[in-house]
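Heads up, the thing below is written out as structure tokens.
The values are calculated or read from the model by the stated rules, or taken from the named source; none is laboratory data. Predicted model only: the values in this text are computed from it and were never measured. Cβ coordinates were reconstructed from backbone atoms using ideal geometry, including for glycine residues, and neighbour counts include every protein chain displayed.
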Amino acid sequence: MKRFFRNKNFTVGFILSLIVIIAAVISLIWTPFDANRMNAKLRLQGPSWQHPLGTDQYGRDTLSRVMVGAVNSIIVGLMTVAIGLSVGVLLGLASAYYGKWVDETIMRFSDFLFGFPAVLTAILITSILGPSMINAMLAISIFYIPVFARLTRAVAMLIWEREFIVAARAAGISEWKIAWRHVLPNILSTLLIQGTIQFAVAILAEAGLSYLGLGTQPPHASWGRMLNEAQTYMSLSPWMAIFPGLAIAWAVLGFNLLGDGLRDTLDPKMVRIR
Amino acid sequence: MDPKLLTIEALSVHFHLPEGVARAVDGIGFDLQPGETLGLVGESGCGKSVTALSILGLVQSPPGRIEAGRILFESRNLLRLDAEGLRRIRGRDISMIFQEPMTSLNPVLPIGRQVAEPLMVHKALSRSEAMAEAAAWLDHVKIPAARKRLDDYPHQLSGGMRQRVMIAMAMVCRPKLLIADEPTTALDVTIQAQILSLMLMLKSELNMSVLLITHDLGVVAQMASRVVVMYAGQVVEEGRMTDMFDQPFHPYTRGLLKSMPRLGDRRAGRPPRLNEIPGTVPSLIEAVSGCRFAGRCPHVFDVCRKQQPDLFKIGAGQRARCWLKRYPDRRKPDA
């Protein structure tokens, strides 16, 4: 653990991400105000002792909403990475192991998905299935499958060439167990690094979709949604846009640095290339 | 009942490469008795490792393909077995250890788990039973404080220790045949001796047969009772170890023996020069009509270039693929 904290990227990323996570966890049991309670008297307030981050056009407390929005972002990050990772790893392993037409099919399918810009794909999916947080997650996950499938395939192919795989075969271990117990542990660190970075990307993507009105629906708090609502009152109360925007930047930066730090520590060869 | 444990008959393994078909193993055959150690000797690329991998069905395909032959293990043709049948034999009846203990162990798994794994696969032991047995085996192959080492990763061990782990991993299911592919080549000399004596000890203890693949005749002299010499994918000479060292017949075998450094040469005041075999191994892709060693043989004569010699019987159990058996007067006296 010590060697991770010797890395500046990791340490900064870890602290930033931890704050986001702590804020999210606290919001599950306590927020300064009810995040959805409106108060017509306190509309569009700037920061004050009572409302440190101000209030929105309905007089809802921005700090409470940013905290609740963190939960939203983390759920989206976790779910999309979990779906993309599990399906992608399975496809990638199959691709690397079977080769030939299995590999061709899976990789051409990946190319197909990659061919569309991610946002367009997401808009397409959410407009077919209807705008909601679940569908936004689904859209992001689908885009993640080829990301993890390709990465898994590339690293797994290298591992499958190694001599210890031949040694494991010579010991009579089945191909399935070799994939699971010998190949997968060897690519876990690479997947962890990519997963952390995709986590950050998912937060950004969900914010984008919610901003466009395709993700989380009102009255639920989401950072992207808050930015969208703030747009109208930009000149009147810039605070409304600044704090959710900062929250997005904070979380994305945090998880990205965490991913970079993990890469520097877990994959020393990459550092030398840089 | 056939007393032989392993019989290889007319085995041919070809590699279908873009440049052409490489005949890595070209019609070889030999057998192995229970409890016997057979040395399979030859220089790099002569097909020894491919032979070993074919026994376990581990030749990469493509590009490799077993074209012909039979590999009988306890009278069963391994080449006819399906993947599952072969998998059940690997690691349980036939084990293999590899040259590079560095790369043959999984770097991200603790050694205890790697040694225990064949037990869980073949003997259906539970994790804890298998780990207990793995600890016993690590102790048996003389790894100090074995129980504490179970959770160590391969990089925490020295080369010799890693090879001991490999041996333990190959031994846990008490195989009838151990294939050792250059088991000591990557180790320094003092460690080599330790590993060889460990193998000898385990061999007599388990009464298993060993197929020892090496280019090191010194190792063969210590371990093997019989020797098969391979050259360019073929068996060129085979016989009892003592006969092969005392009266080698094939010029290639003689060349191999002469190219070993000998302490006596320097003591006698002769220049400490190593005798090499001139020339290089012929390409395995081009078809050769005559003897494959003809290009490098000091005794070569017209028949050698035209026709490939058979394995002629030389003496009791000794055979050599050389025309000198038919034309003894062609042997040049001092070559």
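Sort out which residues of segment B:36-58 are among the hydrophobic types (A, V, I, L, M, F, W, C) and modelled with pLDDT of 90 or more, and write them in order of number.
B:38, B:40, B:41, B:50, B:52, B:53, B:55, B:56, B:58
Give segment A:65-101 a look and list any residue that's in contact with a helix residue (DSSP H, G or I) (Cβ under 8 Å, 6 or more places away or on another chain), more than 14 Å from residue A:133 (Cβ to Cβ) and hydroxyl-bearing (Ser, Thr, Tyr), or say none.
Once the filter is applied, which keeps residues that are in contact with a helix residue (DSSP H, G or I) (Cβ under 8 Å, 6 or more places away or on another chain), more than 14 Å from residue A:133 (Cβ to Cβ) and hydroxyl-bearing (Ser, Thr, Tyr), segment A:65-101 yields A:95, A:97.
In segment B:94-107, which residues are β-branched (Val, Ile, Thr) and at the interface with another protein chain (Cβ under 7 Å from one of its Cβ atoms)? Please lay out each step first, then the result.
Pass one, segment B:94-107, residues β-branched (Val, Ile, Thr): B:94, B:97, B:103.
The one that is β-branched (Val, Ile, Thr) and at the interface with another protein chain (Cβ under 7 Å from one of its Cβ atoms): B:103.
Looking only at segment B:118-131, decide whether some residue is modelled with pLDDT of 90 or more, buried (at least 23 other Cβ atoms within 10 Å of the Cβ) and of a type in the set (Val, Ile, Thr).
For segment B:118-131, residues modelled with pLDDT of 90 or more, buried (at least 23 other Cβ atoms within 10 Å of the Cβ) and of a type in the set (Val, Ile, Thr): absent.
Could you tell me which of the residues A:113, A:93 is among the hydrophobic types (A, V, I, L, M, F, W, C), modelled with pLDDT of 90 or more and surrounded by 15 or more Cβ atoms within 10 Å (Cβ to Cβ)?
Numbers: A:113 fails: modelled with pLDDT of 90 or more.
Just one listed residue meets the conditions, A:93.
For segment B:299-315, give me each residue that is under 27 Å from the mean Cα position of the chain (by Cα) and either more than 24 Å from residue B:226 (Cα to Cα) or without any contact (Cβ under 8 Å) to a residue 24 or more places away in the chain (or both). Lay out the reasoning, then the answer.
At the first step, the residues of segment B:299-315 found to be under 27 Å from the mean Cα position of the chain (by Cα) are B:308-315.
Hits for segment B:299-315 are B:308, B:309, B:310, B:312, B:313.
Give just the number: which of (1) within 13 Å of another protein chain (Cβ to nearest Cβ); (2) among the basic types (Lys, Arg); (3) within 18 Å of the chain's Cα centre (by Cα) does residue B:48 not satisfy?
It is condition (1) that residue B:48 fails.
For the subset of segment B:172-181 comprising residues that are assigned to a loop (DSSP other than H, G, I, E, B) and within 12 Å of chain A (Cβ to nearest Cβ), which member is surrounded by the most Cβ atoms within 10 Å (Cβ to Cβ)? Explain how you work it out, then say what you get.
The first filter runs over segment B:172-181 and keeps only residues assigned to a loop (DSSP other than H, G, I, E, B), leaving B:172-176.
Within this subset, residues satisfying the condition of being within 12 Å of chain A (Cβ to nearest Cβ) are B:172-173, B:175.
Working: B:172: 28, B:173: 21, B:175: 23.
Selected residue: B:172.
Can you go through B:178, B:200, B:157 and tell me which one is under 28 Å from residue B:45 (Cβ atoms) and either assigned by TED's automatic domain parsing to the domain that holds residue B:31 or more than 18 Å from the chain's Cα centre (by Cα) (or both)?
B:178
Could you count how many residues in segment A:1-31 are in contact with an Asp or Glu (Cβ under 6 Å, 6 or more places away or on another chain) and assigned to a loop (DSSP other than H, G, I, E, B)?
Taking segment A:1-31 first, the residues in contact with an Asp or Glu (Cβ under 6 Å, 6 or more places away or on another chain) are A:7, A:9.
Pick out the ones that are also assigned to a loop (DSSP other than H, G, I, E, B) and you get A:7.
Of the residues in segment A:1-31, 1 are in contact with an Asp or Glu (Cβ under 6 Å, 6 or more places away or on another chain) and assigned to a loop (DSSP other than H, G, I, E, B).
Working carefully through the options A:213, A:224, A:259, A:195, find the one that is surrounded by fewer than 20 Cβ atoms within 10 Å (Cβ to Cβ), in contact (Cβ under 8 Å) with a residue 12 or more places away in the chain and within 20 Å of the chain's Cα centre (by Cα).
Result: A:213 is the single residue among A:213, A:224, A:259, A:195 that is surrounded by fewer than 20 Cβ atoms within 10 Å (Cβ to Cβ), in contact (Cβ under 8 Å) with a residue 12 or more places away in the chain and within 20 Å of the chain's Cα centre (by Cα).
Restricting the search to segment B:121-144, which residues are assigned to a loop (DSSP other than H, G, I, E, B) and within 13 Å of chain A (Cβ to nearest Cβ)? Write out each step before concluding.
Filtering segment B:121-144 for residues assigned to a loop (DSSP other than H, G, I, E, B) gives B:123-126, B:141-144.
Across segment B:121-144, the qualifying residues are B:123, B:124.
Could you check, for segment A:162-181, whether at least one of its residues is in contact with a Ser or Thr (Cβ under 8 Å, 6 or more places away or on another chain), more than 16 Å from residue A:97 (Cα to Cα), part of a helix (DSSP H, G or I) and within 14 Å of chain B (Cβ to nearest Cβ)?
The answer is yes; a qualifying residue exists.
From A:35, A:40, A:23, grab the single residue that is more than 21 Å from residue A:192 (Cα to Cα) and within 22 Å of the chain's Cα centre (by Cα). Step through it out loud before you land on a result.
Numbers: A:35 fails: within 22 Å of the chain's Cα centre (by Cα); A:40 fails: within 22 Å of the chain's Cα centre (by Cα).
On inspection, the qualifying residue turns out to be A:23.
Name the residue, out of B:69, B:85, that is within 23 Å of the chain's Cα centre (by Cα) and not in a loop (DSSP other than H, G, I, E, B). Outline the logic, then answer.
Numbers: B:85 fails: within 23 Å of the chain's Cα centre (by Cα).
Answer to the check: B:69.
Determine which single condition residue A:232 fails, assuming it passes every other condition in (1) of a type outside the set (A, V, I, L, M); (2) over 23 Å from residue A:54 (Cβ atoms); (3) surrounded by fewer than 22 Cβ atoms within 10 Å (Cβ to Cβ).
Among (1) of a type outside the set (A, V, I, L, M); (2) over 23 Å from residue A:54 (Cβ atoms); (3) surrounded by fewer than 22 Cβ atoms within 10 Å (Cβ to Cβ), residue A:232 violates only (2).
Among the residues of segment B:108-120 satisfying the criterion of being touching a residue at least 12 places away in the same chain (Cβ under 8 Å) and more than 7 Å from every other protein chain (Cβ to nearest Cβ), which is nearest to residue B:150 (Cα to Cα)?
B:112
Have a look at B:169, B:260, B:201 and point out the one that is in a loop (DSSP other than H, G, I, E, B) and among the hydrophobic types (A, V, I, L, M, F, W, C).
Details: B:169 fails: in a loop (DSSP other than H, G, I, E, B); B:201 fails: in a loop (DSSP other than H, G, I, E, B).
Only one candidate passes the filter, namely B:260.
Here is a check on your reading of the model: is residue A:94 over 21 Å from residue A:209 (Cβ atoms) and in contact with a Gly (Cβ under 8 Å, 6 or more places away or on another chain)? It would help to see each step written out before you state the result.
Numbers: over 21 Å from residue A:209 (Cβ atoms): yes; in contact with a Gly (Cβ under 8 Å, 6 or more places away or on another chain): no.
The answer is no for residue A:94.
If I go through segment A:133-157 residue by residue, how many of them are away from every other protein chain (no Cβ under 13 Å) and more than 17 Å from residue A:80 (Cα to Cα)? Explain how you work it out, then say what you get.
The first filter runs over segment A:133-157 and keeps only residues away from every other protein chain (no Cβ under 13 Å), leaving A:133-154, A:156-157.
Those left that are additionally more than 17 Å from residue A:80 (Cα to Cα): A:153-154, A:156-157.
Residues flagged as away from every other protein chain (no Cβ under 13 Å) and more than 17 Å from residue A:80 (Cα to Cα) within segment A:133-157 amount to 4.
Being of a type outside the set (Lys, Arg) and more than 12 Å from chain A (Cβ to nearest Cβ) narrows it down to one of B:57, B:85, B:64, B:91, so name that one. Spell out the reasoning first.
Numbers: B:57 fails: more than 12 Å from chain A (Cβ to nearest Cβ); B:85 fails: more than 12 Å from chain A (Cβ to nearest Cβ); B:91 fails: more than 12 Å from chain A (Cβ to nearest Cβ).
Only one candidate qualifies: B:64.
Being β-branched (Val, Ile, Thr), in contact with a Gly (Cβ under 9 Å, 6 or more places away or on another chain), under 18 Å from residue B:98 (Cβ atoms) and within 14 Å of chain A (Cβ to nearest Cβ): is that true of residue B:165 here? Step through it out loud before you land on a result.
Working: β-branched (Val, Ile, Thr): yes; in contact with a Gly (Cβ under 9 Å, 6 or more places away or on another chain): no; under 18 Å from residue B:98 (Cβ atoms): yes; within 14 Å of chain A (Cβ to nearest Cβ): yes.
Criteria not met by residue B:165.
If you take the residues of segment B:67-82 that are buried (at least 16 other Cβ atoms within 10 Å of the Cβ) and within 14 Å of chain A (Cβ to nearest Cβ), which of them is nearest to residue B:177 (Cα to Cα)?
Restricting to residues being buried (at least 16 other Cβ atoms within 10 Å of the Cβ) and within 14 Å of chain A (Cβ to nearest Cβ), the top hit is B:73.
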